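Below is one structure, written out as structure tokens; comments come after it.
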There are 2 protein chains.
Amino acid sequence: MTQVRPMRADARRNYERLLKAAAEAFAEHGENASLDDIAKRAGVGSGTLYRHFPTRQALLEAAYVDRIEALGLRADEIARELPPGEALIEWLYEVCVGTIEVRGLKTLLGSAVTDGSSAAVTACGTFMKDAAGRLVGAAQKEGTLRPDLEPVDVLRLAHGISTASELADGRGAHIRRYLLLLTEGLRP
Amino acid sequence: MTQVRPMRADARRNYERLLKAAAEAFAEHGENASLDDIAKRAGVGSGTLYRHFPTRQALLEAAYVDRIEALGLRADEIARELPPGEALIEWLYEVCVGTIEVRGLKTLLGSAVTDGSSAAVTACGTFMKDAAGRLVGAAQKEGTLRPDLEPVDVLRLAHGISTASELADGRGAHIRRYLLLLTEGLRP
DNA sequence: ACCTGAACACCGTTCAAGT
DNA sequence: ACCTGAACACCGTTCAAGT
């Protein structure tokens, strides 16, 4: 994850400026914010952006890797506060809220749990699958979760719930409702 | 739905050429196919495309309105073949398959069930909600579906299942599995 | 009434020249 | 080693001129 060789001082400075500018731009204009605009905000040439982040995905991941890590930590925090089954649901709720609130985070998480996703997002994909795996394992041990569920399935379904909730107003109440429907099933 | 005043012969010809070219281009390059390319394929000026279809959404809807209608008809066909609860699931499966196979159809159906969607897609939104409503109503009457479910909820959840399945390989087996998890719930 | 296509604005990407 | 920004290609959208 960390650099093999330390960056030159000006390179490191530009890298950080780009990250800050990218986070701002993504927040303002969504995940399709103009890369040229991001370079301008950061006060660097467009070529410099490409040097540091060869693809938009790479920039997206770098801009949100800390949010991913925060979500991973939340999994264990929640696990200490609630019984396994409830903990998983609560964590999925927070994942959904996060991916809806922070534009771009959803795309990143989506490609992270995509079958055959690129190596660039494998790192945060593994991180999320591990976090989900701990909650899934505990709930299955407790007997409140289907034993045939893989962590990646749960993450994909949460992504789907986010999408469905966004079609409604995307607010917490709808996320809770659709998550409940998923956990309890559509039968009466 | 139909034109108030008949189009001039050349206008009608261009309209149909544009629709054919759009369907081809969307099939080849996805929902973001170049509008300029579509105009070129159709052998018309780009201004003509904008005259007939002021927005990309409008073109998308026009190109796939027949597919939407086919899905609506399938709802009633399936209702004659299967008991209500199974019919709904089978129909949702076909909706998911269709939205994954035909790129652009998913976007269209998504915006059709979006809260506060534009008037342009209200027509096919109403059509789909009516079709879903008939299956939902029958299943609720039968007692195999939660009584608090609205047709639009079911359509949004199906959209979410499509998204989740696409993150896997997007093939039928995954759609069936994720639909089953939704209907039966995540509990053992 | 409708069509054409040039013109404009904007964006992504590359790369020669510079430090 | 890294940065700059001009240059190129491409796309969406508008609109004056044409039929």
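We did not get these values from a lab; they are worked out from the coordinates using the rules stated. None of the values given here were measured: they were computed from a predicted structure. Glycine gets a Cβ as well: all are built from the backbone with ideal geometry, and neighbour counts include every protein chain shown.
Working from label points 7 Å from Cα in the Cα-to-Cβ sense, the A:Ser118 to A:Glu28 distance is 2.5 nm. Of the DSSP H helices in chain A, those that are both long (alpha-carbon extent of 20 Å or more along the helix axis) and hydrophobic (Kyte-Doolittle mean at least -1.0) are A:9-29, A:56-81, A:84-101, A:122-142, A:151-167.
The other copies place their A:Glu24 label points at 4.7 nm from this one, listed shortest first, where each point is 7 Å from Cα along Cα→Cβ. For chain B, the relative contact order is 19 percent, taking Cα pairs closer than 8 Å that sit 6 or more residues apart in sequence and dividing their mean separation by the residue count.
Go ahead and run the numbers for FRET between A:Asp10 and B:Glu142, Cβ-Cβ distance against an R0 of 51 Å, rounding to 0.05. Don't jump to the answer; show the numbers that get you there.
Numbers: r = 70 Å, r/R0 = 1.37.
After rounding to 0.05, the efficiency reads 0.15.
If you take all other residues with their beta carbon under 15 Å from the beta carbon of A:Asp148, and give Lys and Arg +1 and Asp and Glu -1, the sum is +3. Each copy carries a label point for B:Val65 at 7 Å from Cα along the beta-carbon vector; from one copy to the others these points are 5.0 nm apart, nearest first.
How charged is the neighbourhood of A:Glu94? Take every other residue with its Cβ under 13 Å from the Cβ of A:Glu94, and add Lys/Arg as +1 and Asp/Glu as -1.
Numbers: positive: A:Arg67, A:Arg74, A:Arg176; negative: A:Asp76, A:Glu77, A:Glu81, A:Glu86, A:Glu90, A:Glu101.
Around A:Glu94, the charge tally is -3.
Starting from the label point of A:Arg80 at 7 Å along Cα→Cβ, the same points in the other copies fall at 6.3 nm, in ascending order. When each of the peptides B:68-78, A:15-25, B:52-62 is scored by how many other beta carbons lie within 10 Å of its residues on average, the order from highest to lowest is A:15-25, B:52-62, B:68-78.
Between the alpha-carbon centres of region A:144-188 and region B:123-179 there is a gap of 13 Å.
From the helices alone, meaning DSSP H stretches of at least four residues, give me the mean residue ellipticity at 222 nm for chain B, per-run term -39500 (n - 2.57), in deg cm²/dmol to the nearest 500. Walk me through the intermediate numbers first.
Numbers: 9 runs with 142 residues, N = 188.
The helix-only estimate for chain B comes to -25000 deg cm²/dmol at 222 nm.
Sorted ascending by nearby beta carbons within 10 Å, beginning with the fewest, A:His174, A:His29 become A:His29, A:His174.
Taking other C-beta atoms within 10 Å as the exposure proxy, B:Met128, A:Met7 rank A:Met7, B:Met128 from fewest upward. Distance between the C-alpha centers of region A:55-109 and region B:1-48? Whole Å please. Cα centroid to Cα centroid, the span is 42 Å.
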